[in-house]
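These notes are about the structure you will find just below.
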Amino acid sequence: MKSLYIMGTPGSGKTVVALGLAQKLQQEGYRVGYFKPVANGRNMTGKVDLDSVLMKEVLHLNISLEKIAPITASPFYLSAQASLKDGPAVIMDAYDEIASFSDIVIIDGALSIDILASYGLDSVSLAKKFGSKALMVLKIENDYSLDNAIFMNKHLALAEVPIMGTIFSNVPRPLYAKTGGVYSPILEQAGYKTLGVIPTRPEIASPTVGEYFDMLGGEILTGHERLDLHVEDMVIGGMTMASALTYLRRAANKAVILGGDRADLALAALETSTSVLILTGGLYPDVKVIARAEEMGVPIILVHYDTYTTVEKMGQVSRHIQPTDKTSIGVALENIVTHCNWEHIVNNL
């Protein structure tokens, strides 16, 4: 049995890479297991890890969700749990069970590689326990991201964890050519292999209107049937009409956050590429706004938070692929086949 530990930075799309790679390995005839030893407490519905639900369904895994994701770590896990002293045993027991019916186990790392280091359950320590090879999945935002990639690879090398390589994922279109033409060669010169450069795909990277509604609550005034629209940008309507028009026209597939009393701004937003209007402060909009939104097929969500709190809550939302979302599941596989050197991964496991 072989295992590949996928680890990296928040927002890089580790689970999407795991999803695509697992599907490709199944196509190649391998029995693939999925394991998430440390789940993110924010990525839960009740006590169920959403990524584990997705992978169990897609890979047809005959094992309980409690085994797939045995430990949960919220940002304040030290207060929520008296002790994690049994964590290593619980994790190893679950891993051994999954490995027993798998040719390859894909291990999905925690939100960042250092989480639960206080208990020796960080991604690097666990990779050593499992004897896994590490696949780094990193998000590109600027030149500092390259420094992060080199630093993390050096840390793995010093910890004597075998490194499969690095995939740059969720790469913005303006940085796509630079990542392949500048960042990857520098990483290679440092002695670390680049295995892929995956561009941002809105269908798997951008949260939906429905996911924002799940976080914010409130009342849906229009567009109940269009909560699957993707939100690629946010514009806060706290400016004058003259300055607002520039931002509204520039941003595509956006959420516009504004007070319900800003009918002029709301109507202007509806004439541009807008996925949702989010009205703050519990103020109902003018009937003209509702009528125009219904005509344009744009959802309106009314919340009772102020604008600052609304934006803060929206910042906690991330995209989660549903087991029924065949399009996004297919995109995850397409990313691996089109943009990654999956043959190298298979041949070097």
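The values are calculated or read from the model by the stated rules, or taken from the named source; none is laboratory data. These figures come from a predicted structure and were not determined experimentally. Glycine gets a Cβ as well: all are built from the backbone with ideal geometry, and neighbour counts include every protein chain shown. Ligands, DNA and RNA are excluded from the accessible area calculation, which covers all protein heavy atoms including side chains. Shrake-Rupley method; radii C 1.70, N 1.55, O 1.52, S 1.80 Å.
Matching residues to (1) touching a helix residue (DSSP H, G or I) at 6+ places or on another chain (Cβ under 6 Å); (2) in the same structural domain as T200 (by the TED database):
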| residue | (1), (2) |
| --- | --- |
| G260 | no, no |
| T272 | yes, no |
| I278 | no, no |
| G282 | no, no |
| R292 | yes, no |
| V337 | no, yes |
| H344 | no, yes |
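Screening P185 against (1) open to solvent by less than 60 Å² (accessible area, probe 1.4 Å); (2) assigned to a loop (DSSP other than H, G, I, E, B) leaves a single unmet condition, (2). Is it the case that some residue within region 196-205 is within 13 Å of M7 (Cβ to Cβ), crowded, with 18+ Cβ neighbours inside 10 Å and at pLDDT below 95? Checking region 196-205: not a single residue is within 13 Å of M7 (Cβ to Cβ), crowded, with 18+ Cβ neighbours inside 10 Å and at pLDDT below 95. Checked against (1) among the polar types (S, T, N, Q); (2) more than 30 Å from A149 (Cα to Cα); (3) at pLDDT 95 or above, T272 passes all but condition (3). With respect to being at negative phi and surrounded by 19 or more Cβ atoms within 10 Å (Cβ to Cβ), P285 fits the description.
Considering region 1-119, the qualifying helices (runs of 4 or more DSSP H), each wholly inside and each with 3 or more residues that are of a type outside the set (G, A, S) and under 26 Å from A332 (Cα atoms), run over 14-27, 50-59, 65-68. Among the residues that make up region 87-105, is at least one of them at pLDDT below 90, more than 26 Å from A205 (Cβ to Cβ) and touching a helix residue (DSSP H, G or I) at 6+ places or on another chain (Cβ under 7 Å)? Taking every residue of region 87-105 in turn, at least one turns out to be at pLDDT below 90, more than 26 Å from A205 (Cβ to Cβ) and touching a helix residue (DSSP H, G or I) at 6+ places or on another chain (Cβ under 7 Å).
I'm trying to understand the selection: among the residues of region 293-317, which are over 11 Å from G223 (Cα atoms) and part of a helix (DSSP H, G or I)?
Initially, region 293-317 is screened for residues over 11 Å from G223 (Cα atoms), giving 302-317.
Scanning region 293-317 gives T307, Y308, T309, T310, V311, E312, K313, M314.
Against the list (1) surrounded by 14 or more Cβ atoms within 10 Å (Cβ to Cβ); (2) modelled with pLDDT of 95 or more; (3) of a type in the set (D, E, K, R), the condition K313 fails is (2).
Only residues that are without any contact (Cβ under 8 Å) to a residue 40 or more places away in the chain and either of a type in the set (V, I, T) or crowded, with 21+ Cβ neighbours inside 10 Å (or both) were counted in region 114-155, giving 1.
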